[in-house]
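Take a look at the structure below.
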Amino acid sequence: MARQYEMNMTSGPLFGKIVTFAFPLMCSGVLQLLFNAADIIVVGRYTGHTALAAVGSTSALINLIVNLFVGLSVGANVLIARCCGAGQMEAVHKGVHTAMLTAVVGGVVLIFVGVAASRPMLTLMGTPEDVIDQATLYLRIYFVGAPSLLVYNFGAAILRAVGDTRRPLYFLTLAGIINVILNLVFVIVFSLGVAGVALATIISQTVSAYLIVVCLQHNAGAFRLVLRELHIDPEQFREILRIGVPAGVQGMVFSLSNVLIQSSVNSFGSSVMAGNTAASNIEGFVYTCMNAVSQTSMSFVSQNVGARSFQRVDQVVLRCMMLEAAVGITLGGSAYLLGHWLLAIYTPDAQVITYGLYRMSVVCTTYFLCGFMDCLACSVRGLGSSVVPMVVSILGACGLRIVWVMTLFQWEHTQLCLYISYPVSWALTACVHLICYFIMRKKVQAANSEVTAAPAT
């Protein structure tokens, strides 16, 4: 039954398979964003702009703390996809159980870290006094659900490794419906405010985590999850760490630069914060669609590296870049053109809408550059190198952004100067990633040629 959801990425027409793989992944990402969007829309409509600012100002901090552990799921995806492409089923079985136990342990660690760090980090970010109490409450409740968040992400990464992006979409659809219903009940009926939307989020995440575990338990062969066989295989765990930790560190540093930008946004007051929050949330839908293509590139590259089909690897990257351009330009441009109406969904405040639209005029119209950057970074990671894209991204996108805020933004303290740092950093980093791809692609092919030729020698 499960095999009907799997996909052979190493043979057959490419573009159709890429789209078939990426589209459910896009929808899954959009549904995950709807968890947060539902929170923001409900509190913005029924609680006020300070509650809207409180929920929105936590996003960068959540990503900063969570990204290291979610990055490990990238390691699990690359490892299992490569082993699958090479036909190493015993390694796949060990990888599945190592990954899922890592998710559980990491989630428990996140509970303690997130609850303890919430208030100090919000204070460090300069969160206004009229926002910080509600933001702290939201964060602490949110992190209680961290184990469910990681179990779902690791489980979905395992399914993506074999081409299954449809079942995670089905699970998120059900969880998303539950989240929206509980948001309305907790906020409107029980007047729980930000605590209500946080509770709705963790309950819905728990539902999606439960469904993904049941799905893995009913898989066939090496991909089947047997709870009594959960263990950490040292070799598999080291490989997950080797690929996943740099990916997680990269995500953390990106989030750190976004925390710095959020702190800069905070300096303009709660109305600008609210507008920035709503605009960022709309942009997130564009980004997650582009990121689905990047994740597709990573999975396809990983399987084809395992199968030693290097010409096909180049074809994967080229087609994914073309799809990134189409998605980024179409969705980013449409989001900006429809920005006033989209922002009005989040808040009726005309001033907040104006501030949000100003951000979108800079970010949405250039978002395809971010897609290029991410696609190339994920392609290099799919080749088995995670440190290189981490270093490039940290020095390029994150480092430049931090320097920008500390220098140019201090001289020209305007929203335009702050927001323009995004497209500049995306473009420069994408160029360096492209160079790294060609270098790493050549090295990996040469290394595999030597391994193949060794017995004959």
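The values are calculated or read from the model by the stated rules, or taken from the named source; none is laboratory data. Quick caveat, the model's predicted, so the values are computed rather than measured. Please note: Cβ atoms are built from the backbone with ideal geometry, for glycine as well, and neighbour counts cover all protein chains shown. Areas reflect the complete protein model, heavy atoms only, side chains present, ligands, DNA and RNA absent. Shrake-Rupley method; radii C 1.70, N 1.55, O 1.52, S 1.80 Å.
Does segment 298-383 come out rounded, prolate or oblate, given a ≥ b ≥ c as the square roots of the eigenvalues of its C-alpha gyration tensor, rounded meaning a/c under 1.5 and, failing that, prolate meaning a/b above b/c?
Numbers: a/c = 4.01, a/b = 3.49, b/c = 1.15.
Here segment 298-383 falls in the prolate category.
Name the shape class, rounded, prolate or oblate, that the alpha-carbon gyration tensor gives for segment 226-299, where a ≥ b ≥ c are the square roots of its eigenvalues, rounded holds for a/c under 1.5, and otherwise prolate holds if a/b is larger than b/c and oblate otherwise. Before the final figure, lay out each step's value.
Working: a/c = 2.81, a/b = 2.17, b/c = 1.30.
It is prolate, given that a/c is not under 1.5 and a/b is the larger ratio.
So what is the 222 nm mean residue ellipticity for the chain from helices alone, if each DSSP H run of at least 4 adds -39500 (n - 2.57) and you divide by all residues, rounding to the nearest 500 deg cm²/dmol?
Working: 19 runs with 372 residues, N = 457.
That comes out to -28000 deg cm²/dmol.
Go from 0 up to the bin containing the longest alpha carbon distance in segment 1-142, width 10 Å each, and give me the % of pairs per bin.
That works out to 9, 28, 29, 19, 13, 2, in percent per bin.
Starting from a Cα-only point model with no solvent, please compute log10 I(q)/I(0) by Debye for segment 347-457 at q = 0.10, 0.17, 0.23 1/Å.
Taken in order of the listed q values, log10 I(q)/I(0) reads -0.43, -0.86, -1.15.
Excluding Gly332 itself, what net charge comes from residues whose Cβ is under 12 Å from its Cβ, given Lys and Arg +1 and Asp and Glu -1?
Working: positive: none; negative: Glu283, Glu324.
My count for the surroundings of Gly332 gives -2.
Please report the net charge: other residues with Cβ closer than 11 Å to the Cβ of Phe300, K and R +1, D and E -1. The partial results should precede the final answer.
Details: positive: Lys17, Arg160, Arg312, Arg319; negative: none.
Computed value for this residue: +4.
So what is the relative contact order of the chain, in percent, for Cα pairs below 8 Å that sit 6 or more residues apart? Please report the intermediate quantities before stating the final value.
Details: 753 pairs, mean separation 105.3, N = 457.
RCO, the chain: 23 percent.
Using the Cβ atoms and a cut-off under 14 Å, what net charge is assigned to the surroundings of Cys289, where Lys and Arg are +1 and Asp and Glu are -1? Walk me through the numbers on the way to the answer.
Values: positive: none; negative: Glu283, Glu324, Asp374.
Around Cys289, the surrounding residues sum to -3.
Please get the size of the charge dipole for the chain, origin at its Cα centre, with Cβ charges of +1 on Lys and Arg and -1 on Asp and Glu, quoted in debye to the nearest 20.
Details: 23 positive and 18 negative charges, 198 e Å.
Computed about the Cα centre, the dipole is about 960 debye.
Please give the solvent-accessible surface of Met406 in Å², to the nearest 10, using a probe radius of 1.4 Å with every protein chain present.
120
So for each of 127-135, 242-250 I average, over its residues, the number of other beta carbons within 10 Å; can you give me the resulting order with the highest mean first?
On the way: 127-135: 18.6, 242-250: 23.1.
The densest-packed peptide leads the list: 242-250, 127-135.
Based on alpha-carbon atoms only, what is the radius of gyration of the chain relative to the globular estimate 2.2 N^0.38 Å? Before the final figure, lay out each step's value.
Values: Rg = 21.4 Å, N = 457, 2.2 N^0.38 = 22.6 Å.
Here the answer is 0.95, to two decimals.
Quick check on segment 94-187: take the gyration tensor over C-alpha atoms, sort the square-rooted eigenvalues as a ≥ b ≥ c, and tell me if it's rounded (a/c under 1.5), prolate or oblate.
Details: a/c = 2.95, a/b = 1.54, b/c = 1.92.
Note, shape of segment 94-187 comes out oblate.
Which is farthest toward the positive dipole end of the chain among Ala103, Val249, Ala157, measuring Cα position about the Cα centre, with Cβ charges +1 (Lys, Arg) and -1 (Asp, Glu)?
Ala157
How tilted is helix 270-306 with respect to the longest principal axis of the chain? Cα atoms for both, answer in degrees (0 to 90, nearest 10).
Here the helix axis deviates by roughly 0 degrees.
Expressed in nm to one decimal, what extension gain is obtained for the pair Tyr170 and Gln351 from 0.36 nm per residue of sequence separation less their Cα-Cα distance? Walk me through the intermediate numbers first.
Numbers: separation 181, 0.36 × 181 = 65.16 nm, distance 3.81 nm.
Contour length minus Cα-Cα distance gives 61.4 nm.
How large is ³J(HN,Hα), in whole Hz, for each residue of segment 218-224 in order, when computed from phi with the Karplus curve 6.51 cos²θ - 1.76 cosθ + 1.60 and θ = phi - 60°, using x for Gly and Pro?
With the stated coefficients, segment 218-224 comes to 9, 5, 9, x, 5, 8, 6 Hz.
Which sequence of His340, His93 reflects their accessible areas, 1.4 Å probe, from the largest down?
Working: His340 100, His93 40 Å².
Greatest to least solvent exposure: His340, His93.
Mind grabbing the accessible area of Glu283 for me, 1.4 Å probe, Å², rounded to tens?
For Glu283, the solvent-accessible surface is approximately 0 Å².
Report the accessible area of Phe15, computed with a 1.4 Å probe over the heavy atoms of all protein chains in place, in Å² rounded to the nearest 10.
Number for this one is 90 Å².
How much accessible area per residue does the chain have, counting only protein heavy atoms and a probe of 1.4 Å, in square angstrom? Don't jump to the answer; show the numbers that get you there.
Values: 17610 Å² over 457 residues.
Computed with neighbouring chains in place, this is 39 Å² per residue.
Give the Cα extents of segment 191-337 along the principal axes, in whole Å, largest first.
54, 42, 26
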